[in-house]
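Peer 1: Quick one: the structure is below, questions incoming.
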Amino acid sequence: MPVFLTPTTRVEALDHEIETAAALLRDLRYLRDHHAPSADMLAGAPVLAGWSNAVRLVPCLRGKPVGHPTVRDGRDAVTSPLRVVSLGAGYVRTESRFWLLGSPATGVGHA
């Protein structure tokens, strides 16, 4: 879920995102180096019974990027999932990069 930065946002919300991202990065590096999780890493893992594939909708933005390294300027695009939103400061941080926010689409209000 994205963290919305406002003048009253608590630092704890960002601390939680930092801890979550650090844990994922630690595990990805371990898997890269060892090819499988250790027995200790799996010891406390819950079991997912009766599992199947699913798709989860995540918050993101749609628009026309300008200056993106791989998407042609002005072409419709959808961002990766939102992680941090600061409408007041005019930026968002998605899973892949920072975006500066230009003007919103016609008829779109701010939360």
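The values are calculated or read from the model by the stated rules, or taken from the named source; none is laboratory data. For clarity, every value in this text was computed on a predicted model and none was experimentally measured. We place every Cβ from the backbone using ideal geometry, glycine too, and count neighbours over all the protein chains shown. Keep in mind that these areas ignore ligands, DNA and RNA; they rest on the heavy atoms of the full protein, side chains included. Shrake-Rupley method; radii C 1.70, N 1.55, O 1.52, S 1.80 Å.
Peer 1: In region 48-62, how many are touching a strand residue (DSSP E or B) at 6+ places or on another chain (Cβ under 7 Å) and among the charged types (D, E, K, R)?
Peer 2: The total comes to 1.
Peer 1: Which one of the conditions (1) of a type outside the set (Asp, Glu); (2) on the phi > 0 side of the Ramachandran plot; (3) open to solvent by less than 100 Å² (accessible area, probe 1.4 Å) does His35 fail to meet, given that it meets all the rest?
Peer 2: Going through (1) of a type outside the set (Asp, Glu); (2) on the phi > 0 side of the Ramachandran plot; (3) open to solvent by less than 100 Å² (accessible area, probe 1.4 Å) one by one, His35 breaks only (3).
Peer 1: Scanning for something among the hydroxyl-bearing types (Ser, Thr, Tyr), within 19 Å of the chain's Cα centre (by Cα) and either modelled with pLDDT of 85 or more or part of a helix (DSSP H, G or I) (or both), does region 31-44 turn up at least one residue?
Peer 2: Just the residues of region 31-44 that are among the hydroxyl-bearing types (Ser, Thr, Tyr), to begin with: 38.
Then drop every residue that is not within 19 Å of the chain's Cα centre (by Cα), which leaves none.
There is no residue in region 31-44 that is among the hydroxyl-bearing types (Ser, Thr, Tyr), within 19 Å of the chain's Cα centre (by Cα) and either modelled with pLDDT of 85 or more or part of a helix (DSSP H, G or I) (or both).
Peer 1: Moving on. Failed condition for Pro59, given (1) open to solvent by less than 70 Å² (accessible area, probe 1.4 Å); (2) at pLDDT 90 or above; (3) farther than 30 Å from Pro7 by Cα, with all others met?
Peer 2: With respect to (1) open to solvent by less than 70 Å² (accessible area, probe 1.4 Å); (2) at pLDDT 90 or above; (3) farther than 30 Å from Pro7 by Cα, Pro59 is out only on (3).
Peer 1: While we're looking at this one, here's another question. Among the residues of region 4-20, count how many are aliphatic (A, V, I, L, M) and either touching a residue at least 60 places away in the same chain (Cβ under 8 Å) or in contact with a Phe, Trp or Tyr (Cβ under 9 Å, 6 or more places away or on another chain) (or both). Don't jump to the end; show me each part of the working.
Peer 2: First pass over region 4-20, keeping only residues aliphatic (A, V, I, L, M): 5, 11, 13-14, 18.
Subsequent filtering for residues that are either touching a residue at least 60 places away in the same chain (Cβ under 8 Å) or in contact with a Phe, Trp or Tyr (Cβ under 9 Å, 6 or more places away or on another chain) (or both) retains 5, 13-14.
So the answer is 3.
Peer 1: Moving on. Being part of a loop (DSSP other than H, G, I, E, B), open to solvent by less than 70 Å² (accessible area, probe 1.4 Å) and modelled with pLDDT of 90 or more, is that true of even one residue in region 2-21?
Peer 2: Scanning region 2-21, I find no residue that is part of a loop (DSSP other than H, G, I, E, B), open to solvent by less than 70 Å² (accessible area, probe 1.4 Å) and modelled with pLDDT of 90 or more, so the answer is no.
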